[in-house]
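**Q** Please see the structure below; I have some questions.
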């Protein structure tokens, strides 16, 4: 429901991943990791079992001293970092357009392509036609040319109305404000981690539009600032708990 914080219960896996996804570099010695999970109410035996399962599943790699995110989750961390600190450029009115031309793809392949285009912050105007303002400091992946044609152009109609039709900006804004209110009230470490995990998921869905296409008082910058402050606080706390 719009405006309701999309919170998910914490598991040992989610606690470990939250800590490693926020760590730079994304690796922690075993002792530091075990100390870091203590404030979140996760027992040592539960964490060890979760770590074993995560290594077996390919989420983590065992190193000489601890655990490191796998390459697959390193890609997830890059997307998370970009959601928190998006790289944008001045917008001059152009839009990216991706038109799917490949046929004969199965449901799984079509779903994978849709997920990939959404991760690129494109939105579907109609089936097979994806758009977004050309304000991101990135190029579309070259291999998209195997299944689509890509252009840059300008719509004839008002860009602000097009953006409002492509993205549920009011719903996103309402949920972001609810999350800001929730994190301001959360005091228990586990509650705060749960809330900020929801913040990151919500930022991944931010279309990162040019300011001129956004509703007034867009809460995206405030949500990013809140998460950046929490991440800094979390890393500082982990540093204090690390053995000297």
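The values are calculated or read from the model by the stated rules, or taken from the named source; none is laboratory data. Since the structure is predicted, the reported quantities are computational estimates derived from the model, not experimental observations. Here the Cβ is made from the backbone with ideal geometry for all residues, glycine too, and neighbour counts use every protein chain on show.
**Q** Any idea which of (1) assigned to a helix (DSSP H, G or I); (2) without any contact (Cβ under 8 Å) to a residue 40 or more places away in the chain is the one residue 32 doesn't satisfy?
**A** Result: residue 32 passes all but (2).
**Q** Now for a separate question. Restricting to region 130-142, give me the number of residues that are assigned to a loop (DSSP other than H, G, I, E, B) and in contact with a strand residue (DSSP E or B) (Cβ under 6 Å, 6 or more places away or on another chain).
**A** Here the count works out to 3.
**Q** May I pose another question? For region 4-29, what are the residues that are modelled with pLDDT of 85 or more, surrounded by 15 or more Cβ atoms within 10 Å (Cβ to Cβ) and assigned to a loop (DSSP other than H, G, I, E, B)?
**A** 26
**Q** Considering only region 87-129, state which residues are surrounded by 13 or more Cβ atoms within 10 Å (Cβ to Cβ), touching a strand residue (DSSP E or B) at 6+ places or on another chain (Cβ under 6 Å) and part of a loop (DSSP other than H, G, I, E, B).
**A** 91, 94, 121, 122, 128
**Q** OK, next. Report whether or not residue 74 is part of a helix (DSSP H, G or I), closer than 15 Å to residue 13 by Cβ, under 23 Å from the mean Cα position of the chain (by Cα) and touching a residue at least 12 places away in the same chain (Cβ under 8 Å). Give the steps one after another, and end with the answer.
**A** Numbers: part of a helix (DSSP H, G or I): yes; closer than 15 Å to residue 13 by Cβ: no; under 23 Å from the mean Cα position of the chain (by Cα): yes; touching a residue at least 12 places away in the same chain (Cβ under 8 Å): yes.
Against the criterion (part of a helix (DSSP H, G or I), closer than 15 Å to residue 13 by Cβ, under 23 Å from the mean Cα position of the chain (by Cα) and touching a residue at least 12 places away in the same chain (Cβ under 8 Å)), residue 74 does not qualify.
**Q** In this structure, is residue 42 in a loop (DSSP other than H, G, I, E, B), out of contact with any strand residue (DSSP E or B) (no Cβ under 8 Å at 6 or more places or on another chain) and closer than 25 Å to residue 228 by Cβ? Steps first, answer last, please.
**A** Working: in a loop (DSSP other than H, G, I, E, B): yes; out of contact with any strand residue (DSSP E or B) (no Cβ under 8 Å at 6 or more places or on another chain): yes; closer than 25 Å to residue 228 by Cβ: yes.
Against the criterion (in a loop (DSSP other than H, G, I, E, B), out of contact with any strand residue (DSSP E or B) (no Cβ under 8 Å at 6 or more places or on another chain) and closer than 25 Å to residue 228 by Cβ), residue 42 qualifies.
**Q** Now for a separate question. Checking residue 40 against (1) buried (at least 19 other Cβ atoms within 10 Å of the Cβ); (2) at pLDDT below 85; (3) in contact with a helix residue (DSSP H, G or I) (Cβ under 6 Å, 6 or more places away or on another chain), which test does it fail?
**A** Going through (1) buried (at least 19 other Cβ atoms within 10 Å of the Cβ); (2) at pLDDT below 85; (3) in contact with a helix residue (DSSP H, G or I) (Cβ under 6 Å, 6 or more places away or on another chain) one by one, residue 40 breaks only (2).
**Q** Counting only residues that are in a loop (DSSP other than H, G, I, E, B) and surrounded by 11 or more Cβ atoms within 10 Å (Cβ to Cβ), how many does region 58-71 have?
**A** Quick first cut of region 58-71, residues in a loop (DSSP other than H, G, I, E, B) only: 58-59, 63-65, 70.
Right, trim to surrounded by 11 or more Cβ atoms within 10 Å (Cβ to Cβ) and you get 58-59, 63, 65, 70.
Going through region 58-71 one residue at a time, the tally reaches 5.
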